[in-house]
């Protein structure tokens, strides 16, 4: 019974939101604001159980890890933003978090996104004699595309002459990439719609296979 | 020419109606177009298929209900595949809005074939993203002292012998955002973890460089990728059911773009003349 | 954090694990701050008795019910899951599914082959949209046998090549550019040159 009522409520709210396609109306506004409230309530409950209780309360109270009170205190400095006179205290929390993030990301980003990507571009050329003709062509196109795209984004030199030509080639590669991205974006958005329509037709009305 | 003028100023609600019909009709009257499995999805399937029973995979379910249609079928298919091969699954999420969703999908996939605690464990959500990924490289129980339900990990049979990434045979990140890049950088680069990615179609194009550099072993992109995986595990699900609608809707969009360009150039030519 | 990458031994590894734990705990409070902005916005609307007052009340009612059920009965409880599955999930999924209509409308109104670059983008988009779904191969299989035998699946092969060669090359270029920028910004933050994240100048 609960499942049936739930499905009817879900279907009703779905149709309330779809009513926006005709024009903005109170049903849509009701559903939109209800969603915002429920999502916030969900975050409160989940954050409490999954993070506050599990990461702070239990370790401190049950396991006696009192050192965790230090980051708790630093984290609570974030609430200083509500008191104008002490707003500057939030910088300590931000500085700590951003410092750790920045320090961790430098070597790993360099390794994953620069070294490994450059290696993958150049690696086919090390054994080029063993590659098929199509693989050689593809490797050359990839290397050329990468170089021209990077030249396009290099604004310290005026895009004239050879640099201008390379930049133009880079734009063509970018346009191919954006076209592919657009095609996939259409696919993604249509998929989301299919999901909801399938729910309405299959789970609610039982008329789809 | 009048038709072209009218087309140039078509009320968008007619377009909405056309889109809705192209999705609804194939769901009611399926065509049954065959689905071809791409190499990047096949690789993920083959990797899990070759894992011996008793292996462990980690599934990062980094998505929320907004990406449900694309990632939930993919999630179910991968879980069912793992459970049917007696592979243990450790589920977790970096998205707070996905915490309950992860629990629901693991339970739904396990119905009749897997036991919570024995065959799978769901760790839930912890703040930090990058710090969570890096922390699990040293000790998973330091990041997640308990599972989603509050049970200490030391008491969960599925976590026996699992300390960090060295004990995980494959990590699959099902992502609606940019979390795969964090997994690749922090788990892949630093700890050498084998990673596969399942993502929304919007993000799929951006992960081909990582596929090319072998930083990920495979890529399941969007609802089409989910349908391919469903085909491989021979279990028709919502992704497969939606493929006909996907195809017809794409044809509609292509026709709309072509018609719009024809009317645009015809109207422009008329005004120039 | 940089030192432990190059020296993965105690005491740096111990310090590394502890720092990560501290960052995770501080992150909890960032989550709470995010919620406070939302509460403040709707509270202001109620206090000022604006036109949207009834809707702001709905926000608080929804928040209170969901939070109360979750906090009291637990997030693993049936009630919380029921509310999540039947209220939050359908609404969030539906909100984003509206984009399907808008992308079709936007494509119809704005996607014009005005320049060579735009035409290239349009042609690529059409190829990917046609070939990456079953209909591409489905229609090709209905061509004469001689064509199918010559080339089994040209839509799939062409779209595959587009994604794995030219598109991938451009994406790699974008990735390299973004990564270099991110590393430069991280270095500037560490060296104290970049302080905008702290609201420097206030």
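Laboratory data are not the source of any read-out in this text; all were calculated from the coordinates shown. Predicted model only: the values in this text are computed from it and were never measured. When we count neighbours, we look across all protein chains shown, and the Cβ atoms used for this are built from the backbone with ideal geometry, even at glycine.
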note: segment A:127-209, Cα-Cα separations exceeding 20 Å make up a percent value of 60
Cα-based Rg/(2.2 N^0.38 Å) for segment A:45-130, rounded to two decimals, is 1.82
Mean other chain Cβ within 10 Å across B:136-148 is 3
Relative contact order of chain B (C-alpha contacts under 8 Å, at least 6 apart) in percent is 26
Output field shielding_mean for C:68-75 (other chain Cβ, 10 Å radius) holds 5
Computed over chain A, the relative contact order (Cα-Cα under 8 Å, seq sep at least six) in percent reads 12
Expected max-MSF residue from B:220, B:257, B:133 in the GNM of chain B (alpha carbon, under 10 Å) is B:257
Computed over chain C: longest principal axis from alpha-carbon atoms vs helix C:166-190 long axis, angle to nearest 10 degrees, is 20
Per-residue average of other protein chain Cβ atoms inside 10 Å, peptide A:120-130 -> 2
Listed with the fewest Cβ neighbours within 10 Å leading, C:17, B:40, B:118 appear as B:118, C:17, B:40
Scoring chain C by relative contact order with C-alpha pairs under 8 Å, at least six apart, yields a percentage of 7
Quick numbers on chain C, Rg and Dmax over C-alpha atoms in Å, give 26.8, 75
Working note, chain A: Cα radius of gyration (Å, one decimal) and Dmax (Å, whole number) are 27.4, 73
Tilt, helix A:26-47 to longest principal axis of chain A (alpha-carbon atoms), in degrees rounded to tens, equals 90
Dividing the helical contributions, -39500 (n - 2.57) per DSSP H run of n ≥ 4, by the residues of chain A yields a 222 nm value, nearest 500 deg cm²/dmol, of -22500 deg cm²/dmol
Taking the square root of 5λ for each eigenvalue of the C-alpha gyration tensor of segment A:1-64, the equivalent ellipsoid has semi-axes, largest first and in whole angstrom, of 38, 15, 6
What one gets for segment A:1-108 as the Kirkwood radius, inverse of mean 1/r over different Cα pairs in Å, is 18.2
Mean Cβ-within-10 Å packing, highest first, puts peptides C:85-91, C:187-193 in the order C:85-91, C:187-193
Of the convex hull drawn through the C-alpha atoms of segment B:39-236, the volume per residue in Å³ is 101
Using alpha carbon centers only, segment B:170-247 is separated from segment A:35-70 by a whole-angstrom value of 31
Semi-axes in Å, largest first, for segment B:213-261 (Cα gyration tensor, √(5λ)) are 27, 18, 5
Exposure-ranked with fewest Cβ neighbours within 10 Å first, C:108, C:43, B:72 stand as C:43, C:108, B:72
The exposure ranking of C:114, C:109, fewest beta-carbon neighbours within 10 Å first, is C:114, C:109
The helix C:116-131 Cα axis meets the longest alpha-carbon principal axis of chain C at an angle in degrees, between 0 and 90 and rounded to 10, of 90
Placing one equal point scatterer on each C-alpha of segment C:1-73 and summing with Debye, one gets log10 I(q)/I(0) at q = 0.26 Å⁻¹ equal to -1.09
With N residues in segment B:1-124, Rg(alpha-carbon) / (2.2 N^0.38 Å) equals 1.50
In whole percents, the bins of 20 Å from zero upward hold the Cα-Cα pairs of the protein assembly as shown as 16, 49, 32, 3, 0
